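Here the structure is laid out as C-alpha cells; the discussion comes afterwards.
The values are calculated or read from the model by the stated rules, or taken from the named source; none is laboratory data. Computed from a predicted model, the values in this text were never measured in an experiment. Methodologically, a virtual Cβ is constructed for each residue, glycine included, from the backbone with ideal geometry; neighbour enumeration extends over all protein chains shown.
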Amino acid sequence: MKDIFLSPYNPKETEERIYKLWEDSGFFNPDVCVEKGVTKKDAKPFTVVMPPTNANGSLHAGHALVMTIEDIMIRYKRMRGFKTLWLPGADHAGFETQVVYEKQLEKEGRSRFGMNPDVLYKEILNFTLQNKKDMELQVRSLGASCDWTREKFTLDEDVIEKTQNTFIKMFNEGFVYRGKRAINWCYKHQTSLSEVETESIEETSPFYYFKYGPFEIGTVRPETKFGDKYVVMHPDDKRYVEYKHGQKLMVEWINGPIEATVIKDPVIDMNFGTGVMTITPWHSQVDFELAQKYNLDIEQIIDWNGKLLPIAGEFTGINIKEARPKIVEKLKSKGLLIRIDENYKNVIKRCYKCNTIIEPQIKDQWFVKMEPLAKMALNSVDKKEIKFIPDNYEKIFRYWMTNTIDWNISRQIVWGIPIPAWFREKEIVVSKNKPDGERWIKDSDTFDTWFSSGQWPLMMTEFPEGLDYQNYYPTDVMETGQDLIFKWIPRMVIFGLYLAGKAPFHTVYLHGMVNDAKGQKMSKSTGNVINPMTLTEKFGTDALRMGLIVGNTPGTSLALSEDKIKAYKHFANKIWNITRFVLSNTENYTGEKPSKITESDEKILSDFDDIIKDVTVDMDNYRFYLSAEKLYHYVWHNFADKIIEESKEKLKNKNNEVVLSAQYTLRHILKTSLILLHPFMPFITEEIWINMENKNNKLLMITEWPTK
C-alpha cells in the first residue's frame with residue numbers, strides 16, 4: 001500500500017493536480033479517445049452543449065449544479081464507450097452584462113450615457129474577457145470534463161457572422177420585419193426588452209373611476225390619459241345603443257374641454273367595469289391596434305425617460321410616479337373623480353434586472369414572426385423528436401409555443417452583436433456592408449442576446465459545414481434551468497428547425513433552482529447567497545457535487561446547506577478510509593479471481609451485481625439523484641458497516657481459501673464502487689484509482705463501466 005493512504009484525504013492538494021492530469025491526457029476530446037483506442041471509431045456519439053455561462057461574474061450555486069449534472073452525464077457515457085463530446089462556451093449576455101458594468105460605472109461616479117459607444121464597448125469587452133477567464137478556471141475546478149479545444153464565446157467572429165447571416169436570411173424570407181409595435185421600455189436602462197426579460201407581478205394598486213362626459217371610465221394609470229380622445233364600447237352593448245360609431249362629443253377633461261369620438265368595437269369586454277374605456281394608442285398594444293384599425297391619431301404622452309411630454313400641460317417634465325397623485329387631485333377638483341378602489345389587484349410588468357415599472361411605448365423595432373416558427377416547434381414535439389424531463393414541462397413548452405407574440409430582437413445597448421441594417425429616409429437595407437450612395441445611417445441597435453444564444457447548438461457544432469455538425473448534431477441532451485423552458489429552450493428549437501431542419505437535441509433535462517438551507521431564493525440583497533467556490537475550498541468539490549445531486553429530482557428546487565455538503569465530506573473521508581483498510585489487508589492480492597468463492601461472499605457479490613444493474617438503469621434514465629443516493633448508502637452502510645466488519649474475521653481465518661475469497665470480494669467491491677462513484681465524485685475516486693497500483697495505469701475516467 002502506498003504511503004499516500006496513511007494520511008487523511010486532502011482535496012486541496014489533490015483536485016488541481018488531478019484535473020491537470022485529465023486535461024493533459026486529451027481524453028476530454030472524443031477524437032483523442034478514438035485515436036488512442038479508448039473509444040471505438042464507430043461508437044455512438046453522445047453530445048451535450050454547455051449552456052453558455054454569463055461571462056460577467058463568478059459562478060453561483062446554479063452554475064455549479066449545471067456543471068455537476070452535465071459532467072455526470074458525460075463521464076458516465078464516456079465510461080460506457082460512447083464518443084462523448086461536451087462543448088463549453090461563454091455568453092456575452094448582452095443586456096445583463098451591460099447592467100452589471102453600469103453598476104461598476106456608478107461606483108466610479110460615471111455613467112454609460114454620454115460615453116463614446118466604442119470606448120464603452122471596449123471597456124465592457126475587457127471586463128467580460130477577464131471575467132470569462134476567471135469563470136473558466138472555476139468551471140475546471142468543479143471537475144467539468146468538457147472539451148476545451150472546442151470552446152466558444154458568443155462574440156467570436158464566426159458567431160457574430162453566423163448570427164447576422166441568420167438575421168439576413170430571416171428578413172429575406174419574411175420571418176423578420178421592422179415596424180411599430182408597443183414594446184417593453186425600461187426607462188432606467190433606456191432599452192426595449194422582450195417579454196421574457198420582464199417580470200409580471202400581481203400588485204395592489206388604486207383603481208380610479210372618472211367621469212368622461214356621459215360615461216364612467218376606469219384606470220390604474222391616470223398619467224396616460226392626457227391624449228385620450230377616443231371612447232370605446234362594444235357594438236352589442238345595449239347600455240350605449242344611443243351612441244353611434246364615429247359620433248363626436250365635447251367632454252371636460254384634465255386640461256379643459258376636448259372633442260371625443262365614439263368607437264364601437266368588439267375588443268371591449270362588456271362585463272368589465274362599465275363596459276367603456278378610453279384608449280391611449282402610444283402606450284398600449286391593444287389600443288395601438290385599435291388606432292391602426294380605424295386610422296386614429298396616435299400621440300406619445302410619456303417620454304423615454306418616464307416623464308410627461310408637453311401634451312400634459314402643467315404636468316410637463318414631471319416623472320409619471322410623482323405626477324399621478326397630482327393629476328388625480330386635479331380631476332377631483334374639477335368634479336371628475338367618481339371613486340377610488342384602493343385594493344385593486346392587477347399585474348404589473350417590471351424590468352427583471354432593476355425592477356423599474358415597464359412603460360409600453362410605440363417604437364420602430366425589429367421583430368421575429370413567431371407564429372410560423374412556433375408551429376414548426378410544436379410539430380417537432382408532436383412527432384416525439386424532443387423528450388422533456390420531467391415530462392410535465394412539455395405542457396409548459398406547448399403553452400408558450402401556442403400563445404406566442406412576435407419577438408422584439410432590438411436592444412438599445414452597445415454591448416452585443418450589431419444588427420446589420422442601414423437606414424436612409426424611408427429606405428431600409430439589411431446587409432453587413434454599407435449600401436452604395438450617401439446618407440445611409442447604420443442601425444445602432446444590437447441583437448437581443450437570445451437571438452445569438454438561441455443558435456448555440458448550431459454554432460457549437462459548426463453548422464453548416466463543420467465535421468462536428470455532421471457527427472454530433474442533433475445533440476443528445478440540453479440540460480438547463482427550469483426557468484428557461486419559455487426563454488431559451490423554444491428559441492433553440494426554433495432555430496434548429498428553421499436553419500438545419502432538425503431539432504437541436506433529443507432530450508431536455510430541466511433542473512430546479514438552488515435555494516438556501518431554508519428553501520428561500522438566494523439573493524445578494526437578502527444576504528443568503530451561497531458561493532460554490534467557498535464550499536469547495538472548505539469541503540472539497542466531490543462533497544459539493546454530491547450535495548447538489550442527492551435528492552435533487554429534475555424540475556424541483558433544492559435546499560442547499562453547508563451541513564449537507566459537510567456530510568458528503570465525511571463520505572469522501574469514509575471512502576478514503578475504506579481504501580486504506582482494503583489495501584492494507586490485501587497487499588498479497590494477485591488480482592486474479594480465486595478458484596473458490598465462499599457462499600457468504602457469493603451472496604455479497606450477487607447482491608452487489610444487483611446494485612450495479614439498478615444504478616445503471618437509473619443512470620440510463622437520467623435518475624442521477626437516485627443513483628448517487630443508492631451508491632452512498634451501499635458504500636457506507638453495506639460495504640463499510642457490514643461487509644468490511646464481517647471480513648475482519650474472515651481475513652484472520654486459517655483457511656487460505658476463505659482469506660483469498662474475502663480479499664477478492666473486498667478488492668472487487670472497492671474497485672467497482674470507485675468506477676460507479678466516479679461520475680459523481682471524480683477527484684477522490686481518480687486519486688485512489690491511480691494509487692492502487694493498477695497494472696495498466698489506465699485512468700479511471702476512461703475505465704469501462706461494469707455491465708453486470
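General remarks:
- Selection within the stretch 485-505 - touching a residue at least 40 places away in the same chain (Cβ under 8 Å) and among the aliphatic types (A, V, I, L, M): ILE485, ILE489, VAL493, ILE494, LEU497, LEU499, ALA500, ALA503
- Verdict on ASN343 being outside any helix (DSSP H, G or I) and more than 30 Å from SER194 (Cβ to Cβ): yes
- Listed by first and then second residue, the pairs linking a residue in the stretch 187-202 that is in contact (Cβ under 8 Å) with a residue 12 or more places away in the chain to a residue that is buried (at least 21 other Cβ atoms within 10 Å of the Cβ) and not in a strand (DSSP E or B), with Cβ atoms under 6 Å apart and 6 or more places separating them unless they lie on different chains, are THR191/ILE413; SER194/ASP448; THR198/ILE358.
- Residue, nearest to ARG398 (Cα to Cα), within the stretch 493-530, restricted to residues that are among the polar types (S, T, N, Q) and surrounded by 14 or more Cβ atoms within 10 Å (Cβ to Cβ): THR507
Conditions (1) over 24 Å from GLU629 (Cβ atoms); (2) at pLDDT 95 or above, marked per residue:
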position: LYS502; (1), (2): yes, yes
position: ASN531; (1), (2): yes, no
position: LEU560; (1), (2): no, no
position: PHE581; (1), (2): no, yes
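- Residue list for the stretch 460-473, restricted to those being under 20 Å from the mean Cα position of the chain (by Cα) and either surrounded by fewer than 18 Cβ atoms within 10 Å (Cβ to Cβ) or more than 23 Å from TRP407 (Cβ to Cβ) (or both): THR461
- Pairs, first within 24 Å of ASN588 (Cα to Cα) and outside the structural domain of LEU583 (by TED's automatic domain parsing) in the stretch 1-15, second among the basic types (Lys, Arg) and part of a helix (DSSP H, G or I), C-beta under 7 Å, six or more apart: PHE5/ARG580
- Considering residues of the stretch 506-537 that are more than 20 Å from the chain's Cα centre (by Cα) and without any contact (Cβ under 8 Å) to a residue 12 or more places away in the chain only, the residue nearest to ILE72 (Cα to Cα): THR534
- Any chance VAL276 is of a type outside the set (Asp, Glu) and without any contact (Cβ under 8 Å) to a residue 60 or more places away in the chain: no
- Some residue of the stretch 174-182 being aliphatic (A, V, I, L, M), touching a residue at least 12 places away in the same chain (Cβ under 8 Å) and under 16 Å from PRO360 (Cβ atoms): yes
- Subset of the stretch 268-311 [polar (S, T, N, Q) and assigned to a helix (DSSP H, G or I)]: GLN285, GLN292
- Just so you know, in the stretch 539-595 the residues that are aliphatic (A, V, I, L, M) and more than 26 Å from the chain's Cα centre (by Cα) include one that is farthest from SER647 (Cα to Cα), and it is ALA567.
- Filter result for the condition that a residue is touching a residue at least 24 places away in the same chain (Cβ under 8 Å) and of a type in the set (A, V, I, L, M), over LEU137, LEU155: LEU155
- Note on the stretch 31-51: residues that are surrounded by 15 or more Cβ atoms within 10 Å (Cβ to Cβ) and over 28 Å from the mean Cα position of the chain (by Cα) total 7.
- Residue check for ASN355: among the polar types (S, T, N, Q) and on the phi < 0 side of the Ramachandran plot: no
- Within the option set LYS650, LYS630, LYS654, LYS642, being basic (Lys, Arg), over 16 Å from ILE549 (Cα atoms) and either modelled with pLDDT under 95 or under 35 Å from the mean Cα position of the chain (by Cα) (or both) holds for one residue only, LYS654.
- Residue count for the stretch 152-174 under the criterion of being assigned to a strand (DSSP E or B) and among the charged types (D, E, K, R): the result is 1.
- Residue in the stretch 696-708 that is touching a residue at least 40 places away in the same chain (Cβ under 8 Å), surrounded by 17 or more Cβ atoms within 10 Å (Cβ to Cβ), hydroxyl-bearing (Ser, Thr, Tyr) and under 25 Å from ILE565 (Cα atoms) present: no
- Criterion (among the aliphatic types (A, V, I, L, M) and within 38 Å of the chain's Cα centre (by Cα)) met by exactly one of LEU296, LEU290, LEU249: LEU290
- Restricting attention to the stretch 84-107, the residues that are within 30 Å of VAL32 (Cβ to Cβ) and free of Cβ contacts under 8 Å to residues at least 60 places away in the same chain total 1.
- Of the residues making up the stretch 10-33, those that are in contact with a Ser or Thr (Cβ under 9 Å, 6 or more places away or on another chain) and closer than 15 Å to THR685 by Cα number 5.
- Restricting attention to the stretch 113-149, the residues that are surrounded by fewer than 19 Cβ atoms within 10 Å (Cβ to Cβ), of a type in the set (A, V, I, L, M, F, W, C) and assigned to a loop (DSSP other than H, G, I, E, B) add up to 2.
Condition check ((1) under 30 Å from ASN255 (Cβ atoms); (2) within 29 Å of the chain's Cα centre (by Cα); (3) not hydrophobic (A, V, I, L, M, F, W, C)) across all residues:
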| position | (1), (2), (3) |
| --- | --- |
| LEU155 | no, yes, no |
| THR163 | no, yes, yes |
| THR166 | no, yes, yes |
| TRP185 | yes, yes, no |
| GLU202 | no, yes, yes |
| TYR212 | yes, no, yes |
| GLU216 | yes, no, yes |
| VAL220 | yes, no, no |
| TYR230 | yes, no, yes |
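- Filter result for TYR622 (touching a residue at least 24 places away in the same chain (Cβ under 8 Å), in contact with a helix residue (DSSP H, G or I) (Cβ under 9 Å, 6 or more places away or on another chain), part of a helix (DSSP H, G or I) and of a type in the set (Ser, Thr, Tyr)): no
- Any hit, the stretch 332-350, residues being hydroxyl-bearing (Ser, Thr, Tyr), surrounded by fewer than 19 Cβ atoms within 10 Å (Cβ to Cβ) and within 15 Å of TYR208 (Cα to Cα): yes
- The condition of being touching a strand residue (DSSP E or B) at 6+ places or on another chain (Cβ under 9 Å) and at pLDDT 95 or above holds for only one of MET270, MET250, that being MET250.
- Screening PRO457 against (1) touching a Phe, Trp or Tyr at 6+ places or on another chain (Cβ under 8 Å); (2) surrounded by fewer than 21 Cβ atoms within 10 Å (Cβ to Cβ) leaves a single unmet condition, (2).
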